[in-house]
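The structure appears right after this line, and notes come after that.
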Amino acid sequence: MHVLMISNARSTIVSTQNSARLDAAKLLPEYMFANTPAYLFERMRALPPVRELGEKADSQELVQLIEQIDLGKKTPTSVALAYAYTTALSFRPQSEVTKALEGKKFESLAWFGALLALGFAASKNASPTIVTIDQGLPLPERVAAPPSPARNSVIIDLTRRE
Amino acid sequence: MPRELKLDSSTGRHLTNWQNDEWESEFELAQSIGLCGDYLRFTSHPDFKVRSKSCARYNCHGMTFGGRRTAISEPDVVARILAEDAYTPIPAETVQAGDIVIYWAESGDPSHSAVVLVPPKPESLNIPVVFSKWGLHFEATHRANACPYDFQRAVYYRVNPE
């Protein structure tokens, strides 16, 4: 019996300074040209600084940053940042995100809920999963899953574990 | 909370929509086009012409389907409009001015929509000239593939009410 593990190791270094690495000027166009949350999510999630932030800051910190923007006077730039933080949550474990969001409602951010749902769907696809398959199926040592036609396709590594 | 209009499809069913009120000042919106860096390459195309100033009230689907009154950003709402208003997919050879085009993402998201101005012709490599609203930014006339949205999976539609 072969066992496949979909690897999703994440660093959990926490530092508020990580947030400063996001260049708002690069985030703003993605927000300004977005007609749908899915477009924004895909564009934001493809930005290396957003991924890096999601890997280094924890959900609590990201939620605090979103909350600061939600409660403050908003500009297009600050809303773009809020949506970048929301997208960064998609790189965090869903249980950690859910706990950090307890009692929080960001109703002034119209796409927060949609982006969060897209993030949960993406992180669900990428979370560690054990898959049992037939012995006879030939498998390379390391293959990439084909792009899925379904929403939120995520390229994942399938690594054989003996 | 964003303001929502009473907007129905032709069958009388409500269409979820919203008017962006995420920030208080339009100043940064007007200034932000200068920060759109790489996207500005589209504006240098000979067919490109801005038709309106940047405006948060409506997006591309709000322009195409909502009379420029409000934004429509949920994929299932766009799908319902196509079905309930009796839009039919048409081949490129039959496209006329006034037909619409939806830019479908691989995920199934309707990332953009536009209205055909000059139909696709072999001499223009079957790329039409369209007009569309670019997110929170302006309306522009442009070559259909010279914009921030992926034209590869675009589908033309014509409304055919019974």
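Odds and ends about this structure:
- Residue within the range B:110-127 that is in a loop (DSSP other than H, G, I, E, B) and under 25 Å from residue B:55 (Cα atoms) present: no
- Meeting the requirement of 1 or more residues that are at pLDDT below 75 and away from chain B (no Cβ under 14 Å), the helices (runs of 4 or more DSSP H) wholly within the range A:76-162 are A:112-126.
- Residue within the range B:92-101 that is within 14 Å of chain A (Cβ to nearest Cβ) and over 26 Å from residue B:6 (Cβ atoms) present: yes
- Evaluated against (1) under 24 Å from residue A:107 (Cα atoms); (2) in contact (Cβ under 8 Å) with a residue 12 or more places away in the chain, residue B:27 falls short on exactly one condition, (2).
- From the list B:113, B:54, B:73, B:44, the one residue that fits, being more than 11 Å from the chain's Cα centre (by Cα) and surrounded by 20 or more Cβ atoms within 10 Å (Cβ to Cβ), is B:54.
- Residue check, residue B:32 at the interface with chain A (Cβ under 10 Å from one of its Cβ atoms) and farther than 30 Å from residue B:125 by Cα: yes
- Conditions (1) within 14 Å of another protein chain (Cβ to nearest Cβ); (2) part of a loop (DSSP other than H, G, I, E, B); number of the one not met by residue B:132: (2)
- Filter result for the condition that a residue is within 29 Å of residue B:162 (Cβ to Cβ), without any contact (Cβ under 8 Å) to a residue 40 or more places away in the chain and within 13 Å of another protein chain (Cβ to nearest Cβ), over B:67, B:62, B:108: B:108
- Where residue B:78 falls short, out of the listed (1) more than 10 Å from chain A (Cβ to nearest Cβ); (2) hydrophobic (A, V, I, L, M, F, W, C); (3) within 15 Å of the chain's Cα centre (by Cα): (1)
- Only one of the listed residues (B:97, B:83) is without any contact (Cβ under 8 Å) to a residue 24 or more places away in the chain, small (Gly, Ala, Ser) and part of a helix (DSSP H, G or I). That residue is B:83.
- Checking the stated criteria, residue B:88 turns out not to satisfy the condition of being under 18 Å from residue B:142 (Cβ atoms) and of a type in the set (S, T, N, Q).
- Among the residues listed as B:104, B:134, the single one being under 11 Å from the mean Cα position of the chain (by Cα) and among the aromatic types (Phe, Trp, Tyr): B:134
The values are calculated or read from the model by the stated rules, or taken from the named source; none is laboratory data. Predicted model, so just to flag it, every value in this text is computed and none were measured. No Cβ is skipped: glycine too gets one built from the backbone with ideal geometry, and neighbour counts run over all protein chains shown.
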